[in-house]
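Input: a single structure, listed below in structure tokens.
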Amino acid sequence: MRNAVAAVALAAVALAALLVGCSSGAQSGAPGSSSSGTAPTGTSAPGSSGTPGSSGANPTAPVQPPVSISEEKPVVPPNVTPVAKEKVDTTSLSDTYRDEAYVFGDGRDVEVFGIGGGCKEARAEITGQSADVVQITLVTITKQPPGTMCTQEVRQVPLTVRLDAPLGTRRLVLEAREETG
């Protein structure tokens, strides 16, 4: 019995070491874990290059995502407004993605959800803005360091983008793209 307990404990330590090796060191959605992506209007998951997003003095910097997921349900603060379902077009997304978006702040900050986990990071990019439509691409980046194994778990990652103007009555089109990094 002692050998079985020791084997389980050793397996747990090995799995933890593997997860730390594939992880960027920060929990997605944790305060202070978002950073600006390569696009100046996007916010990415931990591990991407850039500066931390904030709601500080820079009016163009994205702020931290206000909506979090608890037991697969969003926890929406009172100062955040869900975008009406009929205004969010997710027809090109798989069922793995959430079909919802939220607006907060001055109406220019939009929160959507990408896919991350294991050796996958998430980023959101504004790929188009017009008087009628805002197009956001949810990018999943797979980064598997040589000689490592990655877990296959996926999780919803809250991502924030900052629009040039408030979303207002414009339609929101969400698309997805995968990259390797």
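The values are calculated or read from the model by the stated rules, or taken from the named source; none is laboratory data. Everything numeric here is computed off the predicted structure, so don't read it as measured data. Neighbour counts are summed over all protein chains in view; Cβ atoms, including those assigned to glycine, are modelled from backbone coordinates with ideal geometry. Heavy atoms of the whole protein, side chains included, go into the accessibility calculation; ligands, DNA and RNA do not. Shrake-Rupley method; radii C 1.70, N 1.55, O 1.52, S 1.80 Å.
Summing charges over all other residues whose Cβ lies under 12 Å from the Cβ of residue 74, with Lys and Arg as +1 and Asp and Glu as -1, gives -3. The equivalent ellipsoid that matches the C-alpha gyration tensor of segment 56-160 spans semi-axes of 25, 16, 15 angstrom, in descending order.
Length gained on full extension, residue 171 to residue 127: 14.5 nm, using 0.36 nm per residue less the C-alpha separation.
Quick check for you: with a 1.4 Å probe and neighbouring chains kept, what is the accessible area per residue of segment 115-181, in Å²? Walk me through the numbers on the way to the answer.
Working: 3100 Å² over 67 residues.
Accessible surface, normalised per residue, equals 46 Å².
Residue 94 exposes around 60 Å² of accessible area when a 1.4 Å probe is run over every protein chain in place.
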